[in-house]
Amino acid sequence: MTDDQIKEVTAKIKQMADLKVMTLDESDALIRSFHLELTQAEAN
């Protein structure tokens, strides 16, 4: 992931954390989902 992509997913995590306390599993799932979307977009 590029620096900009990492910043984007970090911003998403921060937004969600402002709404509720996030578990490590929730943060991990968000990062995995973000990475999967990037990988699929590159494949197309």
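With axes computed from alpha carbons, what is the tilt in degrees of helix 24-43 against the longest principal axis of the chain, rounded to the nearest 10 within 0 to 90?
With both axes taken from Cα atoms, the answer is about 20 degrees.
Would you mind checking the tilt of helix 3-19 against the longest principal axis of the Cα atoms of the chain, expressed as 0 to 90 degrees and rounded to 10?
Relative to the chain, helix 3-19 is tipped by roughly 30 degrees.
Quick check on the exposure proxy: order Lys7, Lys12 from fewest to most C-beta atoms within 10 angstrom.
In order of increasing Cβ crowding within 10 Å: Lys7, Lys12.
Once the piece of chain linking His35 and Asp18 is laid out straight, how much longer is it, given 0.36 nm per residue of separation minus the C-alpha distance between them?
3.9 nm
In Å, what Rg and Dmax follow from the Cα atoms of the chain?
Every Cα atom of the chain included, Rg and Dmax give 11.2, 35 Å.
Bear in mind these aren't lab numbers, they're just calculated from the coordinates by the rules spelled out. All values reported here derive from a predicted model rather than from experimental measurement. Quick reminder, even Gly has a Cβ in these numbers, built from the backbone with ideal geometry, and neighbours come from all protein chains shown.
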